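Below is one structure, written out as structure tokens; the observations come after it.
Taken together, the values in this text are just the output of simple stated rules run on the coordinates, not laboratory data. Everything numeric in this text was worked out from a predicted model, so none of it was measured. Every residue, glycine among them, receives a Cβ derived from its backbone with ideal geometry; neighbour counts consider all protein chains shown.
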Amino acid sequence: MFTLSLPLADYTALLAIVCSLFPIAALAGSIHECTVEKRQDEHVCVFRGVVYRANDTNFVFKAPASPKVEHIVFEDSTLSHIPAEFLTAFPVLKALTVVQTNLSSVVIPSKLERLYASNNRISKVIVHQTKDSTTMTELILDSNHLSDISNLTRLAKLEILMLSGNKELPVGDTVDLGRFKGLDSLRSLVLSDVGMMYVENKDNVALPSLELLDLSNNNLITTNLHMNVLAPMKKLEILRLTHTLISDLEALQLTQNNGNLKKVYLEGNNFMCDRQKQIVDHFNRSGVETPVDNKNVNCILGFQKENDICCQTAGLGKLHQGLDSTTKMATTSEVPTSTPSTSTMPSKMEKNKESAATLNALRNGLLVLTFVAIVKSGLF
């Protein structure tokens, strides 16, 4: 076996050299260069395998000299937040994709136009743009933890805003559309599956450019949904109300107030079949389509398909007769959650069980009294 024999001074010098190499290795490991790829109709530069923790330093982010990089994508990466070194390296970035990277906050730089940040833990959005200088047109923040969106109203040029799956968004089960005041260029607003029960518009905010509003997959039972909240939105063309537990709809008011309406999505609700037919017929007469996303769905027991949409049959209507209008009968017409009892009278089996229990109680009581009597006679 080979053994290195050196004087102590030489060992010390060698150790100093080895130790001095470690910072260099650490720095080299912190250099990340993205790879340019063609995706759809644009070139993107992709960073892979980046792990950036809150207290990390000495990170370097680079891109090839050509072509010019305007859209950065992080894949298979973990970021606690957007690295400051990254923002410094790409000061004129136009698009950023950080989907499923474990972000708890995100930054919108001064020149950014599009941000795709779905499936993170984002509870804070830091905006480095003002209403006068904003460039943002598309903001995708679905499946995060947002509750405060007040600073997003600075993005006056924003056209697409997706907030679906942000369960902390409602305030007391309510989303007031007035919270989006100032987004006068907004064309598409997605608020599906945010856990709201009420939609309000206390200040009659117009959102003058809004064409699509998605309220699907929320528990907007009929008594909580009033079409007058949408009346100020005169350019509204598409309204998505799928899987919202509603059993009725102010269709006439909707078509009168929103003359540009073109499509209303209604599947997955609790309409009685005759009422659903009235609503669909009214929309058809008014030139409004009622498209169905999933025509092949199987209706649950007590529902049948009319106009490709599952609706409650008359028999089920009688079964539910007398229930309060706010009672949740099923999450959707395709997936049942509970079945209300058809009678409050106890069954014969239940009566027999009650009688047996009473008889046992009497027997036990008689035994106790007998025992007490025996004890007393023995003592006295």
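Taking other Cβ within 10 Å of each residue's Cβ, how do Cys299, Cys273 sort, fewest first?
Exposure proxy ranking, most exposed first: Cys299, Cys273.
Roughly what % of DSSP beta bridges within segment 30-312 run antiparallel, to the nearest 5?
20
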(message) With 10 angstrom as the radius, rank Tyr116, Tyr265 by how many other C-beta atoms surround their C-beta, starting from the fewest.
(response) Tyr116, Tyr265
(request) Determine Rg/Rh for segment 118-271; Rg is computed over alpha-carbon atoms and Rh is the Kirkwood hydrodynamic estimate from the same atoms. (result) 0.95
(request) Please report, largest first and rounded to whole Å, the three semi-axes of the ellipsoid equivalent to segment 30-312, where each semi-axis is the square root of five times an eigenvalue of the C-alpha gyration tensor. (result) 40, 20, 17
(request) Treat the count of other C-beta atoms within 10 Å as a stand-in for reagent exposure and order Ser77, Ser123 from fewest to most. (result) Ser123, Ser77
(message) Nearest 5 percent is fine: what portion of the DSSP beta bridges confined to segment 123-248 is antiparallel?
(response) 5
(request) Just list whichever of Lys235/Lys277; Lys94/Lys181; Lys131/Lys181; Lys262/Lys305 have alpha carbons separated by over 21 Å in the model shown. (result) Lys235/Lys277; Lys94/Lys181; Lys262/Lys305
(request) Only Lys, Arg, Asp and Glu count, each charged at its Cβ (+1, +1, -1, -1), so figure out the dipole size of segment 30-312 about its Cα centre, rounded to 20 debye. (result) 440
(message) For segment 75-195, take every pair of Cα atoms, bin their distances at 5 Å starting from 0, and report each bin as a whole percent.
(response) 2, 11, 22, 26, 21, 12, 5, 1, 0
